[in-house]
Amino acid sequence: MRKQVLIAVLLGLVSAVVFASATTGPMLMRFALFLLTSLPIFLAGLGWGWRFAAVAGTASILIVLALAGPMIAGIYALTQIIPAVILTYLALLNRPYQPDGAETATVEWYPVGRLVLWAAVMAGSITLIVLLVIGQDFDELRTGLKQYLSESIKTNMPPDATGTPLDDQQLETMTNIMVAVMPAASAVSWLTALVVNLWLAGRITLASGQLQRPWPDISAMDFPPGTALMLIASMLGAGAKGIAGAVGTAFLGAFFLAYVFAGLAVIHYVTRARSWRPIGLWMLYIGLLVVAVWIAVFIALVGLAERPLRLRERAFPLGPPPPPAPVST
């Protein structure tokens, strides 16, 4: 137990160091480090249990508190630590389950689809926290974004790269674009970070033999009934004015990406046992990188169509294909 606690504390230290490192260096490196800040917490949780994730998170929060003060430590806890602890708790949640006609009970683990859905809710909530930190109302939010944009341009772009500095009208135009796009983009980034860190920590602990649950069949993931209503509600909220519209846009970005993940799962599932599967998936992901928006919309529609059209059942009418090996998705 002492060894595990020590490992958890050391992982918390690593998380705090990564978080501090994300404030210096090139922008791309800072962004990558910031997104990976919670990975050590996920490793502690999936490797030894959610309580050790809480230990690692507490240690890292205390370090950040000592170095950066209560405001930064509070934001760090709300955006990085608490979501990681909750997701590891849910990922390891299980109960006995005995299907109808079965002689013995099995263990049912928390479904992957619900994990992604909770991560989407957290991503939207994190974005809401960030928006409230930037500004308490819409005008204050706009002013904060304009100031951030102006300072960012001055800090990250040399004078000879921009020619002449942006005037107030150009800054106003770019601010309007940021106000419209930033909430969704921020939620997409947070959800990507949560899902990728959870998946990566699972892979690492699986390879080390430390994963506390069996590897799930990710391609078979599904959302609970009524999830599409959350997407529709966020779309309606995004059409509102002011800060309510920004909040709706944030959750719209989160739920949209969740359905992109669901669509990718369906595509991975229905292409099993197909000879062209590897090249088809490679082309899909390359297209997703090159023309991200339109391909992502198509994939999200596949995810939305799964429940009413039962695409997985139609692809294998004689019964589901064998699940993939634990080391593949």
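The values are calculated or read from the model by the stated rules, or taken from the named source; none is laboratory data. Remember, it's a predicted structure, so these values are computed and weren't measured experimentally. Cβ: placed from backbone, ideal geometry, glycine included. Neighbour counts: every protein chain shown.
Per-structure values
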read-out	value
Unmet criterion (only one of (1) buried (at least 20 other Cβ atoms within 10 Å of the Cβ); (2) out of contact with any Pro (no Cβ under 7 Å at 6 or more places or on another chain)) for residue 56	(2)
Condition met for residue 328 (of a type in the set (Ser, Thr, Tyr), part of a loop (DSSP other than H, G, I, E, B), over 23 Å from residue 189 (Cα atoms) and modelled with pLDDT of 85 or more)	no
Failed criterion for residue 16 (all others in (1) surrounded by 15 or more Cβ atoms within 10 Å (Cβ to Cβ); (2) without any contact (Cβ under 8 Å) to a residue 24 or more places away in the chain hold)	(2)
In the range 42-66, the residues that are in contact (Cβ under 8 Å) with a residue 60 or more places away in the chain and part of a helix (DSSP H, G or I)	42, 43, 45, 46, 47, 48
The range 231-259, residues that are aliphatic (A, V, I, L, M), closer than 30 Å to residue 280 by Cβ and surrounded by fewer than 24 Cβ atoms within 10 Å (Cβ to Cβ)	231
Single condition residue 240 does not satisfy, out of (1) under 27 Å from residue 179 (Cβ atoms); (2) outside any helix (DSSP H, G or I); (3) touching a residue at least 40 places away in the same chain (Cβ under 8 Å)	(3)
Residue within the range 28-37 that is modelled with pLDDT of 95 or more and within 19 Å of residue 115 (Cβ to Cβ) present	no
Scope the range 95-152; condition assigned to a loop (DSSP other than H, G, I, E, B), modelled with pLDDT of 75 or more and of a type in the set (Asp, Glu); matching residues	none
Residue 221 surrounded by 15 or more Cβ atoms within 10 Å (Cβ to Cβ), in contact with a Gly (Cβ under 6 Å, 6 or more places away or on another chain), over 19 Å from residue 292 (Cβ atoms) and of a type in the set (A, V, I, L, M)	yes
Members of the range 190-211 found to be surrounded by fewer than 16 Cβ atoms within 10 Å (Cβ to Cβ) and touching a Gly at 6+ places or on another chain (Cβ under 6 Å), listed by number	210
Some residue of the range 279-289 being over 19 Å from residue 315 (Cβ atoms), surrounded by fewer than 23 Cβ atoms within 10 Å (Cβ to Cβ), within 21 Å of the chain's Cα centre (by Cα) and β-branched (Val, Ile, Thr)	yes
